[in-house]
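Some notes on the structure that comes next.
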Amino acid sequence: MEYCLTSDDDEAYVRSLAAELDRRLDKIAKNSPFLSTTMTAVVAALEAYDNAKKQAAQNEELRADLRRALEDTACAKLEADILRRKLEYYEGNKSGEQ
């Protein structure tokens, strides 16, 4: 299938997307020969959109995990700083007693 399009993306990237899409359309058409070309394209579009939405949800989960990890790290640093100050305080008082 040939089509003409314009994109700001690199030509090699766009061609690789087109080749991938062609393979997907061919696979759908072979698995469901009763589908029209339009319906084959719709099935491919639905699959692509489904994958994109699932990937976006997974990315958001990873971002949330990263935010929690950063918050945990900040809390751990704060606790370490508090403990370091307490240790310095106790060591200062201990040396003052001698």
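The values are calculated or read from the model by the stated rules, or taken from the named source; none is laboratory data. Not measured: the values here are computed from a predicted model. Here the Cβ is made from the backbone with ideal geometry for all residues, glycine too, and neighbour counts use every protein chain on show.
Conditions (1) surrounded by 10 or more Cβ atoms within 10 Å (Cβ to Cβ); (2) within 21 Å of the chain's Cα centre (by Cα); (3) assigned to a helix (DSSP H, G or I); (4) among the hydroxyl-bearing types (S, T, Y), marked per residue:
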{"position": "C4", "(1), (2), (3), (4)": "no, no, no, no"}
{"position": "A19", "(1), (2), (3), (4)": "yes, no, yes, no"}
{"position": "L25", "(1), (2), (3), (4)": "yes, no, yes, no"}
{"position": "P33", "(1), (2), (3), (4)": "no, no, no, no"}
{"position": "A41", "(1), (2), (3), (4)": "yes, no, yes, no"}
{"position": "K53", "(1), (2), (3), (4)": "yes, yes, yes, no"}
{"position": "N59", "(1), (2), (3), (4)": "yes, yes, yes, no"}
{"position": "L70", "(1), (2), (3), (4)": "yes, yes, yes, no"}
{"position": "R85", "(1), (2), (3), (4)": "yes, no, yes, no"}
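Might you let me know whether region 52-66 holds any residue that is modelled with pLDDT of 95 or more, among the small types (G, A, S) and touching a Leu at 6+ places or on another chain (Cβ under 6 Å)?
Checking region 52-66: not a single residue is modelled with pLDDT of 95 or more, among the small types (G, A, S) and touching a Leu at 6+ places or on another chain (Cβ under 6 Å).
Conditions tested, residue by residue: (1) touching a residue at least 24 places away in the same chain (Cβ under 8 Å); (2) under 23 Å from Y3 (Cα atoms); (3) among the acidic types (D, E).
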position	(1), (2), (3)
D22	no, yes, yes
L25	yes, yes, no
A29	no, yes, no
P33	no, yes, no
V42	no, yes, no
A45	no, yes, no
N51	no, no, no
A57	no, no, no
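When you check R15 against the structure, is it within 21 Å of C4 (Cα to Cα), surrounded by 10 or more Cβ atoms within 10 Å (Cβ to Cβ) and in contact with an Asp or Glu (Cβ under 8 Å, 6 or more places away or on another chain), yes or no?
no
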